[in-house]
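Nothing in this text is a laboratory measurement; each read-out follows from the coordinates by a stated rule. What you see is a predicted model, and the numbers here were worked out from it, not measured in a lab.
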Amino acid sequence: MHDLAYFRSHFDEVAERLATRSNPPNLDQFRELDSRRRAAISQTEQLKARKNAEST
């Protein structure tokens, strides 16, 4: 399994390395999905914090 934090922080290096393979993956799709995932996590955390604040 790969470390996503490393992948994000060294995206261009990883992209260059993967481009040398015979069937490189579509990294634009990864960036989009990762961005949406991180936004969803952030929204979930905000909703949890609001719920906790309202329940006390």
Practice prompt. Determine the calculated [θ] at 222 nm for the chain from helices alone, applying -39500 (n - 2.57) to every DSSP H run no shorter than 4 residues and normalising by the residue count; nearest 500 deg cm²/dmol.
Written response: -25500 deg cm²/dmol
Worksheet entry | Length gained when the stretch Ser9-Glu32 is fully extended (0.36 nm per residue, less Cα-Cα span) | 6.7 nm
Item to complete: Report the full-extension gain for the segment Ala40 to Asn52: residue separation times 0.36 nm, less the Cα-Cα distance, to one decimal in nm.
Response: 2.5 nm
Discussion item. What is the angle, in °, between the Cα long axis of helix 27-55 and the longest principal axis of the Cα atoms in the chain? Nearest 10 is fine, range 0 to 90.
Written reply: 10
Worksheet, complete the sentence: Compactness check, the chain: C-alpha Rg relative to the 2.2 N^0.38 Å globular estimate gives 1.64
